[in-house]
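For reference, the structure discussed in these notes is given below.
The values are calculated or read from the model by the stated rules, or taken from the named source; none is laboratory data. Note that the structure is a prediction, hence the values are computed from the model and not measured. FYI the Cβ positions are ideal-geometry reconstructions off the backbone, even for glycines, and counts take in every protein chain you see. In case anyone asks, the SASA skips ligands and DNA or RNA and just uses the protein heavy atoms, side chains included. Shrake-Rupley method; radii C 1.70, N 1.55, O 1.52, S 1.80 Å.
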Amino acid sequence: MRHATLKKLLVCAPLALLLTGCSANWGWYVVDPSTPSGLSNLKFMASGAYNTILMSLTAILISVVVGLMVALPGLSERRALKSFNRVYVEIVRSVPILVLILWVYYGLPTLSGITLNVFWAGVLALALSDSAFQAEIFRAGIQSIGKGQYEAAQSISLSYRDTMRYVILPQAIRRILPALGNQLVYMLKMSSLVSVIGMQELTRKANELVVTEYRPLEIYTILVLEYLVLILLVSSGVRWLERKMQASEN
Amino acid sequence: MSETNGTPLISIRNVSKFFGEFQALKNVSLDIGAGERTVICGPSGSGKSTLIRCINRLEKHEKGQIIVDGVTLSDAPETLEKIRSSVGMVFQQFNLFPHLSVLDNLTLGPRRVYGLSVKDANARAMKYLERVRIPDQAHKFPRHLSGGQQQRVAIARSLCMEPRILLFDEPTSALDPEMISEVLDVMTELAVSGMTMIVVTHEMGFARRVADRMVFMDQGEIVETAPPEAFFTAPESRRCKEFLNQILNH
(Lines give C-alpha, C1' and ligand atoms only; values in the text may rest on other atoms or scores of the structure.)
Protein backbone atom coordinates (compact mmCIF):
# COMPACT_ATOMS: atom_id res chain seq x y z
CA MET A 1 0.00 0.00 0.00
CA ARG A 2 2.64 2.43 1.13
CA HIS A 3 4.93 1.12 -1.57
CA ALA A 4 2.37 1.92 -4.24
CA THR A 5 1.99 5.48 -3.04
CA LEU A 6 5.71 5.97 -3.15
CA LYS A 7 5.79 4.65 -6.71
CA LYS A 8 2.98 6.99 -7.72
CA LEU A 9 4.83 9.91 -6.24
CA LEU A 10 8.04 8.96 -8.02
CA VAL A 11 6.28 8.80 -11.37
CA CYS A 12 4.06 11.84 -10.87
CA ALA A 13 6.60 14.33 -9.62
CA PRO A 14 8.76 14.47 -12.75
CA LEU A 15 5.66 14.35 -14.92
CA ALA A 16 4.24 17.38 -13.14
CA LEU A 17 7.56 19.12 -13.62
CA LEU A 18 7.53 18.40 -17.32
CA LEU A 19 3.94 19.56 -17.68
CA THR A 20 4.65 22.86 -16.04
CA GLY A 21 7.58 22.98 -18.42
CA CYS A 22 5.10 23.41 -21.23
CA SER A 23 3.79 26.54 -19.59
CA ALA A 24 5.46 29.93 -19.77
CA ASN A 25 7.88 29.14 -16.90
CA TRP A 26 10.28 27.37 -19.25
CA GLY A 27 12.16 29.09 -22.00
CA TRP A 28 13.75 26.34 -24.03
CA TYR A 29 14.52 28.79 -26.83
CA VAL A 30 17.94 29.51 -25.24
CA VAL A 31 19.06 26.00 -26.11
CA ASP A 32 16.82 25.31 -29.11
CA PRO A 33 19.11 23.82 -31.77
CA SER A 34 16.74 24.93 -34.56
CA THR A 35 17.54 28.58 -33.93
CA PRO A 36 21.02 30.00 -34.64
CA SER A 37 21.44 31.49 -31.17
CA GLY A 38 20.17 28.34 -29.45
CA LEU A 39 22.56 26.21 -31.48
CA SER A 40 25.54 28.40 -30.70
CA ASN A 41 24.61 28.31 -26.99
CA LEU A 42 24.52 24.52 -27.09
CA LYS A 43 27.86 24.39 -28.86
CA PHE A 44 29.29 26.76 -26.30
CA MET A 45 28.13 24.49 -23.47
CA ALA A 46 29.35 21.29 -25.12
CA SER A 47 32.77 22.81 -25.73
CA GLY A 48 33.50 22.39 -22.02
CA ALA A 49 33.31 18.61 -22.34
CA TYR A 50 36.83 18.36 -23.70
CA ASN A 51 38.36 19.92 -20.59
CA THR A 52 36.12 17.98 -18.21
CA ILE A 53 37.15 14.70 -19.82
CA LEU A 54 40.83 15.57 -20.19
CA MET A 55 41.10 16.81 -16.64
CA SER A 56 39.31 13.79 -15.16
CA LEU A 57 41.29 11.25 -17.14
CA THR A 58 44.65 12.87 -16.35
CA ALA A 59 43.73 13.10 -12.68
CA ILE A 60 42.55 9.49 -12.45
CA LEU A 61 45.72 8.23 -14.14
CA ILE A 62 47.88 10.10 -11.65
CA SER A 63 45.75 9.09 -8.69
CA VAL A 64 45.87 5.39 -9.64
CA VAL A 65 49.67 5.47 -9.77
CA VAL A 66 50.01 7.49 -6.56
CA GLY A 67 47.33 5.36 -4.89
CA LEU A 68 49.22 2.15 -5.70
CA MET A 69 52.47 3.65 -4.43
CA VAL A 70 50.74 4.59 -1.18
CA ALA A 71 48.95 1.24 -0.89
CA LEU A 72 52.06 -0.96 -1.16
CA PRO A 73 53.82 0.42 1.96
CA GLY A 74 50.52 -0.06 3.78
CA LEU A 75 50.85 -3.81 3.19
CA SER A 76 54.39 -3.96 4.52
CA GLU A 77 55.22 -5.53 7.84
CA ARG A 78 57.45 -2.61 8.74
CA ARG A 79 55.78 -0.20 11.08
CA ALA A 80 57.32 2.97 9.58
CA LEU A 81 56.03 2.13 6.09
CA LYS A 82 52.64 1.20 7.44
CA SER A 83 52.27 4.46 9.34
CA PHE A 84 53.29 6.45 6.26
CA ASN A 85 50.32 4.85 4.51
CA ARG A 86 47.94 5.59 7.39
CA VAL A 87 49.04 9.21 7.81
CA TYR A 88 48.80 9.91 4.08
CA VAL A 89 45.37 8.36 3.73
CA GLU A 90 43.90 9.97 6.84
CA ILE A 91 45.19 13.47 6.09
CA VAL A 92 44.44 13.58 2.38
CA ARG A 93 41.04 11.97 2.85
CA SER A 94 39.98 14.57 5.37
CA VAL A 95 40.52 17.61 3.14
CA PRO A 96 37.41 18.61 1.13
CA ILE A 97 38.15 18.67 -2.60
CA LEU A 98 37.01 22.26 -3.00
CA VAL A 99 39.35 23.36 -0.20
CA LEU A 100 42.19 21.42 -1.79
CA ILE A 101 41.57 23.06 -5.17
CA LEU A 102 41.66 26.52 -3.60
CA TRP A 103 44.75 25.64 -1.56
CA VAL A 104 46.69 24.30 -4.54
CA TYR A 105 45.73 27.19 -6.83
CA TYR A 106 46.03 30.13 -4.45
CA GLY A 107 48.15 28.77 -1.63
CA LEU A 108 50.81 26.60 -3.22
CA PRO A 109 52.43 29.41 -5.32
CA THR A 110 53.02 31.45 -2.16
CA LEU A 111 54.45 28.45 -0.35
CA SER A 112 56.65 27.00 -3.06
CA GLY A 113 57.04 29.68 -5.71
CA ILE A 114 55.62 27.23 -8.25
CA THR A 115 52.63 28.66 -10.06
CA LEU A 116 50.41 26.10 -11.72
CA ASN A 117 47.98 27.00 -14.45
CA VAL A 118 44.31 26.36 -13.81
CA PHE A 119 44.34 23.01 -15.59
CA TRP A 120 47.27 21.54 -13.66
CA ALA A 121 46.16 23.01 -10.36
CA GLY A 122 42.80 21.33 -10.87
CA VAL A 123 44.34 18.02 -11.96
CA LEU A 124 46.75 18.02 -9.03
CA ALA A 125 44.03 18.72 -6.47
CA LEU A 126 41.67 16.12 -7.94
CA ALA A 127 44.41 13.51 -8.22
CA LEU A 128 45.73 14.11 -4.73
CA SER A 129 42.32 13.88 -3.18
CA ASP A 130 41.40 10.74 -5.11
CA SER A 131 44.74 9.03 -4.44
CA ALA A 132 43.83 8.42 -0.79
CA PHE A 133 40.73 6.53 -1.89
CA GLN A 134 42.63 4.67 -4.60
CA ALA A 135 45.18 3.62 -1.98
CA GLU A 136 42.45 2.10 0.16
CA ILE A 137 40.88 0.37 -2.85
CA PHE A 138 44.22 -1.13 -3.92
CA ARG A 139 45.03 -2.20 -0.37
CA ALA A 140 41.71 -4.01 -0.07
CA GLY A 141 42.15 -5.58 -3.50
CA ILE A 142 45.67 -6.81 -2.83
CA GLN A 143 44.71 -8.10 0.62
CA SER A 144 41.92 -10.15 -0.93
CA ILE A 145 44.48 -12.30 -2.78
CA GLY A 146 45.26 -15.44 -0.80
CA LYS A 147 48.57 -16.18 0.89
CA GLY A 148 49.05 -19.23 -1.34
CA GLN A 149 49.63 -17.02 -4.37
CA TYR A 150 52.56 -15.27 -2.66
CA GLU A 151 53.98 -18.59 -1.51
CA ALA A 152 53.72 -20.09 -4.99
CA ALA A 153 55.47 -17.04 -6.43
CA GLN A 154 58.17 -17.28 -3.78
CA SER A 155 58.62 -20.98 -4.39
CA ILE A 156 59.53 -20.28 -8.02
CA SER A 157 61.92 -17.58 -6.83
CA LEU A 158 60.06 -14.55 -8.23
CA SER A 159 61.20 -11.20 -6.84
CA TYR A 160 58.77 -8.97 -4.91
CA ARG A 161 58.42 -6.73 -7.95
CA ASP A 162 57.65 -9.59 -10.32
CA THR A 163 55.29 -11.18 -7.80
CA MET A 164 53.31 -7.96 -7.65
CA ARG A 165 53.46 -7.27 -11.36
CA TYR A 166 52.68 -10.70 -12.77
CA VAL A 167 50.82 -12.52 -10.00
CA ILE A 168 49.13 -10.27 -7.45
CA LEU A 169 48.18 -7.04 -9.23
CA PRO A 170 46.60 -8.64 -12.33
CA GLN A 171 44.28 -10.55 -10.01
CA ALA A 172 43.70 -7.62 -7.65
CA ILE A 173 42.89 -5.18 -10.45
CA ARG A 174 40.28 -7.54 -11.85
CA ARG A 175 38.60 -7.56 -8.47
CA ILE A 176 38.70 -3.80 -7.92
CA LEU A 177 37.65 -2.81 -11.43
CA PRO A 178 34.08 -1.92 -10.36
CA ALA A 179 35.48 0.27 -7.59
CA LEU A 180 37.90 1.93 -10.01
CA GLY A 181 34.97 2.64 -12.34
CA ASN A 182 33.17 4.23 -9.43
CA GLN A 183 36.11 6.51 -8.78
CA LEU A 184 36.20 7.62 -12.40
CA VAL A 185 32.52 8.55 -12.24
CA TYR A 186 33.18 10.40 -8.99
CA MET A 187 36.12 12.19 -10.59
CA LEU A 188 34.02 13.38 -13.55
CA LYS A 189 31.53 14.88 -11.14
CA MET A 190 34.08 16.43 -8.82
CA SER A 191 35.86 18.06 -11.75
CA SER A 192 32.94 20.50 -11.82
CA LEU A 193 34.42 22.08 -8.68
CA VAL A 194 37.47 23.23 -10.63
CA SER A 195 35.15 25.76 -12.29
CA VAL A 196 35.60 27.97 -9.20
CA ILE A 197 39.19 28.77 -10.18
CA GLY A 198 38.14 29.53 -13.75
CA MET A 199 38.69 26.23 -15.55
CA GLN A 200 36.69 26.29 -18.78
CA GLU A 201 34.91 22.98 -18.31
CA LEU A 202 31.23 22.02 -18.50
CA THR A 203 30.07 23.71 -15.31
CA ARG A 204 32.01 26.91 -15.92
CA LYS A 205 30.59 27.20 -19.45
CA ALA A 206 27.08 26.77 -18.10
CA ASN A 207 27.70 29.40 -15.43
CA GLU A 208 28.95 31.87 -18.01
CA LEU A 209 25.94 31.27 -20.23
CA VAL A 210 23.56 31.77 -17.32
CA VAL A 211 25.10 35.17 -16.68
CA THR A 212 24.39 36.34 -20.22
CA GLU A 213 21.09 34.54 -20.89
CA TYR A 214 19.37 34.64 -17.46
CA ARG A 215 17.95 31.16 -18.01
CA PRO A 216 19.45 29.05 -15.19
CA LEU A 217 16.70 26.42 -15.19
CA GLU A 218 17.12 25.42 -18.84
CA ILE A 219 20.88 25.78 -18.92
CA TYR A 220 21.53 23.81 -15.74
CA THR A 221 19.09 21.15 -16.91
CA ILE A 222 21.21 20.76 -20.02
CA LEU A 223 24.28 20.65 -17.79
CA VAL A 224 22.74 17.81 -15.79
CA LEU A 225 22.08 15.94 -19.02
CA GLU A 226 25.65 16.52 -20.19
CA TYR A 227 27.06 14.87 -17.05
CA LEU A 228 24.48 12.10 -17.29
CA VAL A 229 25.52 11.22 -20.85
CA LEU A 230 29.22 11.40 -20.00
CA ILE A 231 28.85 9.14 -16.97
CA LEU A 232 26.62 6.64 -18.72
CA LEU A 233 29.31 6.36 -21.38
CA VAL A 234 31.98 5.79 -18.75
CA SER A 235 29.88 3.20 -16.90
CA SER A 236 29.24 1.20 -20.03
CA GLY A 237 32.94 1.44 -20.86
CA VAL A 238 33.88 -0.01 -17.48
CA ARG A 239 31.27 -2.81 -17.88
CA TRP A 240 32.73 -3.62 -21.29
CA LEU A 241 36.21 -3.82 -19.78
CA GLU A 242 34.98 -6.12 -17.01
CA ARG A 243 33.33 -8.42 -19.54
CA LYS A 244 36.43 -8.41 -21.69
CA MET A 245 38.68 -9.32 -18.79
CA GLN A 246 36.39 -12.17 -17.81
CA ALA A 247 36.22 -13.38 -21.39
CA SER A 248 40.00 -13.44 -21.69
CA GLU A 249 40.09 -16.15 -19.04
CA ASN A 250 37.90 -18.50 -21.03
CA MET B 1 70.49 -44.48 3.27
CA SER B 2 72.37 -42.38 0.79
CA GLU B 3 73.13 -39.59 3.26
CA THR B 4 76.39 -41.32 3.97
CA ASN B 5 78.13 -40.33 0.74
CA GLY B 6 79.79 -36.99 1.49
CA THR B 7 78.06 -33.88 2.79
CA PRO B 8 74.28 -33.97 2.89
CA LEU B 9 72.28 -31.83 0.43
CA ILE B 10 70.09 -30.57 3.23
CA SER B 11 71.27 -30.31 6.76
CA ILE B 12 68.87 -29.32 9.54
CA ARG B 13 70.52 -28.80 12.91
CA ASN B 14 68.74 -28.21 16.21
CA VAL B 15 66.00 -26.16 14.61
CA SER B 16 63.25 -24.61 16.72
CA LYS B 17 60.31 -22.61 15.50
CA PHE B 18 57.64 -20.75 17.45
CA PHE B 19 54.25 -19.35 16.47
CA GLY B 20 53.77 -16.92 19.33
CA GLU B 21 53.69 -19.07 22.47
CA PHE B 22 53.28 -22.32 20.55
CA GLN B 23 56.46 -24.21 19.72
CA ALA B 24 55.94 -25.84 16.32
CA LEU B 25 59.41 -27.36 16.03
CA LYS B 26 61.47 -28.54 18.99
CA ASN B 27 65.16 -28.91 18.39
CA VAL B 28 64.78 -30.83 15.13
CA SER B 29 67.82 -32.30 13.36
CA LEU B 30 67.77 -34.13 10.04
CA ASP B 31 70.25 -34.73 7.20
CA ILE B 32 69.11 -35.51 3.68
CA GLY B 33 71.48 -36.72 0.98
CA ALA B 34 71.33 -36.01 -2.74
CA GLY B 35 68.83 -38.26 -4.48
CA GLU B 36 67.29 -39.40 -1.23
CA ARG B 37 63.50 -39.78 -0.97
CA THR B 38 62.22 -38.91 2.47
CA VAL B 39 58.60 -39.24 3.54
CA ILE B 40 57.52 -37.35 6.62
CA CYS B 41 54.35 -38.43 8.38
CA GLY B 42 52.66 -37.76 11.68
CA PRO B 43 49.41 -36.50 13.14
CA SER B 44 48.14 -33.06 12.14
CA GLY B 45 49.81 -30.26 14.03
CA SER B 46 52.95 -32.31 14.48
CA GLY B 47 55.12 -29.75 12.65
CA LYS B 48 55.79 -31.69 9.43
CA SER B 49 54.54 -28.94 7.11
CA THR B 50 56.33 -26.32 9.15
CA LEU B 51 59.57 -28.27 8.85
CA ILE B 52 59.54 -28.44 5.06
CA ARG B 53 58.34 -24.83 4.79
CA CYS B 54 61.45 -23.87 6.76
CA ILE B 55 63.63 -25.59 4.14
CA ASN B 56 62.66 -23.07 1.44
CA ARG B 57 62.15 -20.35 4.02
CA LEU B 58 58.43 -19.82 3.64
CA GLU B 59 58.75 -19.95 7.42
CA LYS B 60 61.70 -18.59 9.36
CA HIS B 61 63.19 -20.78 12.05
CA GLU B 62 64.22 -19.04 15.26
CA LYS B 63 66.92 -21.34 16.54
CA GLY B 64 69.39 -23.70 14.93
CA GLN B 65 70.76 -23.89 11.43
CA ILE B 66 69.50 -25.06 8.04
CA ILE B 67 72.01 -25.57 5.23
CA VAL B 68 70.58 -26.24 1.77
CA ASP B 69 72.92 -27.09 -1.10
CA GLY B 70 75.81 -25.42 0.72
CA VAL B 71 73.88 -22.25 1.57
CA THR B 72 73.08 -21.41 5.19
CA LEU B 73 69.57 -19.94 5.36
CA SER B 74 69.40 -16.38 6.62
CA ASP B 75 67.56 -13.16 5.91
CA ALA B 76 70.11 -12.11 3.29
CA PRO B 77 68.29 -11.69 -0.05
CA GLU B 78 71.03 -13.45 -2.07
CA THR B 79 70.75 -16.64 -0.08
CA LEU B 80 67.00 -16.59 -0.49
CA GLU B 81 67.32 -16.31 -4.26
CA LYS B 82 69.82 -19.16 -4.38
CA ILE B 83 67.91 -21.66 -2.32
CA ARG B 84 64.52 -20.85 -3.82
CA SER B 85 65.76 -21.66 -7.30
CA SER B 86 67.25 -24.93 -6.12
CA VAL B 87 64.26 -25.94 -3.98
CA GLY B 88 60.84 -26.41 -5.59
CA MET B 89 57.60 -26.79 -3.70
CA VAL B 90 54.25 -28.42 -4.41
CA PHE B 91 51.37 -27.28 -2.22
CA GLN B 92 48.28 -28.99 -0.90
CA GLN B 93 46.03 -26.40 -2.57
CA PHE B 94 48.07 -26.37 -5.84
CA ASN B 95 48.31 -22.54 -5.74
CA LEU B 96 48.33 -22.18 -9.50
CA PHE B 97 48.01 -18.63 -10.82
CA PRO B 98 44.33 -18.55 -11.84
CA HIS B 99 44.66 -15.60 -14.24
CA LEU B 100 47.37 -17.28 -16.32
CA SER B 101 47.07 -20.16 -18.76
CA VAL B 102 48.80 -23.43 -17.88
CA LEU B 103 51.64 -22.54 -20.23
CA ASP B 104 52.07 -19.08 -18.68
CA ASN B 105 51.99 -20.59 -15.19
CA LEU B 106 54.95 -22.73 -16.21
CA THR B 107 56.98 -20.15 -18.13
CA LEU B 108 56.67 -17.21 -15.71
CA GLY B 109 59.50 -18.41 -13.46
CA PRO B 110 61.97 -19.45 -16.18
CA ARG B 111 61.39 -16.18 -18.06
CA ARG B 112 61.56 -13.79 -15.14
CA VAL B 113 64.11 -15.58 -12.95
CA TYR B 114 66.38 -17.27 -15.50
CA GLY B 115 65.78 -14.79 -18.33
CA LEU B 116 64.75 -17.47 -20.84
CA SER B 117 63.24 -16.35 -24.14
CA VAL B 118 59.57 -17.05 -24.74
CA LYS B 119 60.52 -19.77 -27.20
CA ASP B 120 62.94 -21.53 -24.87
CA ALA B 121 60.61 -21.19 -21.89
CA ASN B 122 57.71 -22.63 -23.91
CA ALA B 123 59.86 -25.54 -25.06
CA ARG B 124 60.88 -26.24 -21.49
CA ALA B 125 57.28 -26.00 -20.29
CA MET B 126 56.07 -28.44 -22.95
CA LYS B 127 58.82 -30.86 -22.01
CA TYR B 128 57.64 -30.97 -18.41
CA LEU B 129 53.96 -30.97 -19.33
CA GLU B 130 54.66 -34.11 -21.33
CA ARG B 131 56.43 -35.55 -18.36
CA VAL B 132 53.32 -35.04 -16.20
CA ARG B 133 51.25 -36.26 -19.17
CA ILE B 134 49.05 -33.24 -19.88
CA PRO B 135 50.66 -31.46 -22.87
CA ASP B 136 47.21 -31.04 -24.47
CA GLN B 137 46.06 -28.77 -21.59
CA ALA B 138 48.77 -26.14 -22.16
CA HIS B 139 46.44 -23.39 -23.33
CA LYS B 140 43.66 -23.94 -20.82
CA PHE B 141 43.20 -22.01 -17.61
CA PRO B 142 43.66 -23.78 -14.26
CA ARG B 143 39.97 -23.67 -13.34
CA HIS B 144 39.11 -25.72 -16.40
CA LEU B 145 41.25 -28.61 -15.18
CA SER B 146 40.44 -31.33 -12.67
CA GLY B 147 42.16 -31.28 -9.29
CA GLY B 148 44.55 -34.03 -10.30
CA GLN B 149 45.47 -32.19 -13.49
CA GLN B 150 45.98 -28.95 -11.56
CA GLN B 151 48.33 -30.64 -9.14
CA ARG B 152 50.29 -32.14 -12.03
CA VAL B 153 50.56 -28.67 -13.56
CA ALA B 154 51.86 -27.44 -10.20
CA ILE B 155 54.49 -30.19 -10.22
CA ALA B 156 55.47 -29.24 -13.78
CA ARG B 157 55.70 -25.59 -12.72
CA SER B 158 58.20 -26.55 -10.03
CA LEU B 159 60.14 -28.74 -12.43
CA CYS B 160 60.45 -25.87 -14.92
CA MET B 161 62.78 -24.17 -12.44
CA GLU B 162 64.94 -27.33 -12.63
CA PRO B 163 65.37 -27.59 -8.87
CA ARG B 164 67.70 -30.03 -7.10
CA ILE B 165 65.17 -30.64 -4.36
CA LEU B 166 61.39 -30.94 -4.48
CA LEU B 167 59.24 -30.46 -1.41
CA PHE B 168 55.69 -31.83 -1.37
CA ASP B 169 53.32 -30.50 1.27
CA GLU B 170 50.43 -33.01 1.43
CA PRO B 171 50.10 -32.98 -2.37
CA THR B 172 47.09 -35.33 -2.52
CA SER B 173 45.13 -34.22 0.55
CA ALA B 174 42.90 -31.82 -1.39
CA LEU B 175 42.16 -34.29 -4.16
CA ASP B 176 39.15 -36.48 -4.82
CA PRO B 177 40.11 -40.13 -4.23
CA GLU B 178 39.98 -41.10 -7.91
CA MET B 179 42.59 -38.45 -8.75
CA ILE B 180 45.15 -39.33 -6.15
CA SER B 181 46.82 -42.08 -8.13
CA GLU B 182 47.52 -39.94 -11.22
CA VAL B 183 49.47 -37.52 -9.02
CA LEU B 184 51.25 -40.27 -7.10
CA ASP B 185 52.26 -41.93 -10.40
CA VAL B 186 53.93 -38.73 -11.54
CA MET B 187 55.68 -38.43 -8.18
CA THR B 188 56.86 -42.03 -8.36
CA GLU B 189 58.37 -41.41 -11.77
CA LEU B 190 60.17 -38.37 -10.40
CA ALA B 191 61.54 -40.43 -7.55
CA VAL B 192 62.78 -43.08 -9.97
CA SER B 193 64.51 -40.38 -12.04
CA GLY B 194 66.68 -39.54 -9.01
CA MET B 195 65.12 -36.29 -7.80
CA THR B 196 65.77 -35.48 -4.14
CA MET B 197 62.32 -35.41 -2.61
CA ILE B 198 60.84 -34.64 0.77
CA VAL B 199 57.18 -35.59 0.89
CA VAL B 200 54.72 -34.85 3.66
CA THR B 201 51.87 -37.28 3.08
CA HIS B 202 49.45 -39.78 4.58
CA GLU B 203 49.67 -42.01 1.50
CA MET B 204 51.42 -44.92 3.14
CA GLY B 205 51.30 -47.14 0.04
CA PHE B 206 53.27 -44.52 -1.84
CA ALA B 207 55.67 -44.12 1.08
CA ARG B 208 56.33 -47.84 1.17
CA ARG B 209 57.00 -48.02 -2.56
CA VAL B 210 59.09 -44.91 -2.94
CA ALA B 211 60.71 -43.77 0.29
CA ASP B 212 64.32 -44.44 1.21
CA ARG B 213 63.53 -43.28 4.68
CA MET B 214 60.48 -42.60 6.83
CA VAL B 215 60.43 -39.78 9.35
CA PHE B 216 57.71 -39.78 12.00
CA MET B 217 56.97 -36.50 13.74
CA ASP B 218 54.78 -35.73 16.71
CA GLN B 219 54.34 -32.52 18.71
CA GLY B 220 57.15 -30.72 16.92
CA GLU B 221 59.72 -33.47 17.34
CA ILE B 222 61.17 -36.17 15.15
CA VAL B 223 60.19 -39.26 17.08
CA GLU B 224 61.44 -41.94 14.78
CA THR B 225 63.51 -42.33 11.61
CA ALA B 226 63.72 -45.65 9.82
CA PRO B 227 63.80 -47.35 6.41
CA PRO B 228 60.22 -48.10 5.28
CA GLU B 229 60.34 -51.86 5.85
CA ALA B 230 61.44 -51.50 9.46
CA PHE B 231 59.15 -48.51 9.96
CA PHE B 232 55.98 -50.26 8.87
CA THR B 233 56.70 -53.71 10.30
CA ALA B 234 58.41 -52.86 13.56
CA PRO B 235 57.99 -49.27 14.70
CA GLU B 236 59.90 -48.62 17.90
CA SER B 237 58.02 -45.86 19.67
CA ARG B 238 54.55 -46.15 21.15
CA ARG B 239 53.36 -42.93 19.51
CA CYS B 240 54.42 -44.17 16.11
CA LYS B 241 52.66 -47.50 16.63
CA GLU B 242 49.45 -45.72 17.59
CA PHE B 243 49.64 -43.46 14.57
CA LEU B 244 50.24 -46.33 12.16
CA ASN B 245 47.39 -48.27 13.71
CA GLN B 246 45.02 -45.36 13.17
CA ILE B 247 46.10 -44.65 9.65
CA LEU B 248 46.45 -48.23 8.34
CA ASN B 249 43.48 -49.91 10.00
CA HIS B 250 40.56 -47.87 8.80
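Just from its helices, what would the mean residue ellipticity at 222 nm be for the protein assembly as shown, if runs of 4 or more DSSP H residues each count -39500 (n - 2.57) and the sum is divided by every residue, rounded to the nearest 500 deg cm²/dmol?
Value at 222 nm, helices only, nearest 500: -18000 deg cm²/dmol.
Applying the Karplus parametrisation 6.51 cos²θ - 1.76 cosθ + 1.60 with θ = phi - 60° to the phi angles of the stretch A:156-171, what ³J(HN,Hα) value in whole Hz is obtained for each residue in order, glycine and proline being reported as x?
These are the phi-based 3J(HN,Hα) values: 9, 6, 5, 6, 4, 4, 5, 4, 5, 5, 9, 10, 7, 4, x, 6 Hz.
For labels at residue A:229 and residue B:14 in the simple 7 Å Cα→Cβ model, what's the distance in nm?
About 7.9 nm, to one decimal.
Which value, in Å² and to the nearest 10, is the accessible area of residue B:133 when all protein chains are kept and the probe is 1.4 Å?
Roll a 1.4 Å probe over it and residue B:133 shows about 120 Å².
For the protein assembly as shown, give me the percentage of DSSP beta bridges that are antiparallel, rounded to the nearest 5 percent.
Beta bridges within the protein assembly as shown, antiparallel portion: roughly 55 percent.
Tell me the per residue accessible area of chain B using a 1.4 Å probe; a whole number in Å² is fine.
Per-residue value: 43 Å².
Can you work out ³J(HN,Hα) from phi for every residue in the stretch B:40-51, in order, using Karplus 6.51 cos²θ - 1.76 cosθ + 1.60 and θ = phi - 60°, giving whole Hz and x for Gly and Pro?
Each residue's phi maps through the Karplus curve to give 9, 9, x, x, 5, x, 7, x, 5, 4, 4, 4 Hz.
Order the following by accessible area, largest value first: A:162, B:104. Probe radius 1.4 Å; ligands, DNA and RNA are ignored.
B:104, A:162
What's the buried accessible area, both sides, between A and B using a 1.4 Å probe, rounded to 100 Å²?
2000 Å²
Quantify, in whole percent, the carbon and sulfur part of the accessible surface of chain B (1.4 Å probe; protein heavy atoms only).
It is 48 percent, rounded to a whole number.
With +1 assigned to the C-beta of every Lys and Arg and -1 to the C-beta of every Asp and Glu, and no other charges, what is the dipole magnitude of the protein assembly as shown about the Cα centre in debye, to the nearest 20?
The dipole magnitude comes to about 860 debye.
Simple spin-label model, 7 Å along Cα-to-Cβ: residue B:123 to residue B:140 in nm?
2.7 nm
What percentage of the solvent-accessible surface of chain A, computed with a 1.4 Å probe over protein heavy atoms, is contributed by carbon and sulfur atoms?
About 69 percent, which is the carbon plus sulfur part of the accessible surface.
Could you tell me the calculated FRET efficiency between residue A:86 and residue A:120, based on Cβ-Cβ distance and R0 = 45 angstrom, to the nearest 0.05?
E between residue A:86 and residue A:120, to the nearest 0.05, is 0.95.
What whole number of Å gives the distance from the Cα centroid of the stretch B:1-78 to the Cα centroid of the stretch B:200-250?
Each part's Cα centre sits 18 Å from the other's.
Quick one: of A:82/B:82; A:147/B:82; A:244/B:119; A:147/B:48, which pairs are farther than 25 Å apart, Cα to Cα?
Going by Cα-Cα distance, A:82/B:82; A:244/B:119 fall outside the 25 Å limit.
If the reach is capped at under 25 angstrom between alpha carbons, list the lysines near residue A:189, excluding any in the same chain fewer than eight residues apart.
Cα-Cα hits under 25 Å: A:43, A:205.
For the full complex of protein chains and a 1.4 angstrom probe, list A:193, A:61 by accessible area with the highest value first.
Correct descending sequence by accessible area is A:61, A:193.
Give me the residues in the stretch B:105-133 whose solvent-accessible area, probe 1.4 Å, is reduced by at least 10 Å² once all protein chains are included instead of the chain isolated.
Checking the loss per residue gives B:108, B:109, B:112, B:113.
Give the residue from B:61, B:177, A:49 lying farthest towards the positive end of the charge dipole for the protein assembly as shown; charges sit on Cβ (+1 for Lys and Arg, -1 for Asp and Glu) and the dipole is referred to the Cα centre.
A:49
Would you please give the FRET efficiency between residue A:54 and residue B:60, computed as 1/(1 + (r/R0)^6) with r the Cβ-Cβ distance and R0 = 45 Å, to the nearest 0.05?
Step by step, r from the Cβ atoms, then E = 0.35.
Calculate, for residue A:236 and residue B:192, the FRET efficiency according to 1/(1 + (r/R0)^6) with r their C-beta to C-beta distance and R0 56 Å; round to the nearest 0.05.
For residue A:236 and residue B:192, the calculated efficiency is 0.45.
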